[in-house]
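Read the structure below first, then the notes.
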Amino acid sequence: FICRNNGWAISTHISEQFRSDGIVVKGRAYGIRSIRVDGNDALAVYSAVRSAREMAVKEQRPVLIEAMTYRVGHHSTSDDSTKKWVEDNGWWSEEDESKIRSNARKQILQAIQAAEKWDKQPLTELFSDVYDVKPKNLEEQELGLKELVEKQPQDYPPGFQI
């Protein structure tokens with residue numbers, strides 16, 4: 001098990017959650033081998049995970065790693081302080097966002113409707129529109145699709161060919 005401990009539970013500091021020294025002691029209290037590591041040190045984390053794996057495989061029991069770190073971003077979109085700051089300064093509002101979303105939706109739907117009117121490209125374009133010389137794996141995929149269409153024609157539109 002890996003627990004990333006950034007000292008917070010959404011907006012509640014760890015000191016208000018429990019009085020023990022982090023999560024690692026809770027693992028030990030349940031008889032689980034536990035390791036605490038600097039979660040910001042990639043080599044230390046690698047070493048801890050490697051040791052934990054060796055213990056888990058050798059002893060056939062779980063291991064808990066508590067990676068101590070700090071919160072570099074928001075916990076969730078519901079506590080985005082940047083958004084609040086921009087709104088508090090009058091640079092953005094929910095109304096602005098609603099207008100942009102509505103406008104974007106209209107543009108996307110118009111683009112979809114326009115695209116649906118275009119002629120459908122032959123399925124062979126999947127295999128021929130990128131490379132000058134078709135790679136072997138694409139030749140195999142194209143052949144596989146042809147065989148599938150021949151084997152199960154009922155699953156494809158009438159007159160469908162590849």
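Quick note: the coordinates plus some simple rules give every number you see, no bench work behind them. As the structure is a prediction and not an experimental result, all values here were calculated from the model. Cβ atoms come from the backbone with ideal geometry, glycine included; neighbour counts cover every protein chain shown.
Quick notes on this structure:
- Pairs of alpha carbons in the chain whose separation is greater than 27 Å (percent): 64
- Mean separation of Cα contacts under 8 Å, 6 or more apart, over the residue count of the chain: relative contact order %: 19
- Signed unit charges on C-beta, dipole axis of the range 17-162, positive-most listed residue Ile108, Val72, Gln60: Gln60
- Ranked Ser51, Ser15, criterion: other C-beta atoms within 10 Å, fewest first: Ser15, Ser51
- Translational diffusion coefficient (Stokes-Einstein; Kirkwood radius from C-alpha pairs) of the range 49-132 at 20 °C, 1.002 mPa s, in µm²/s: 109
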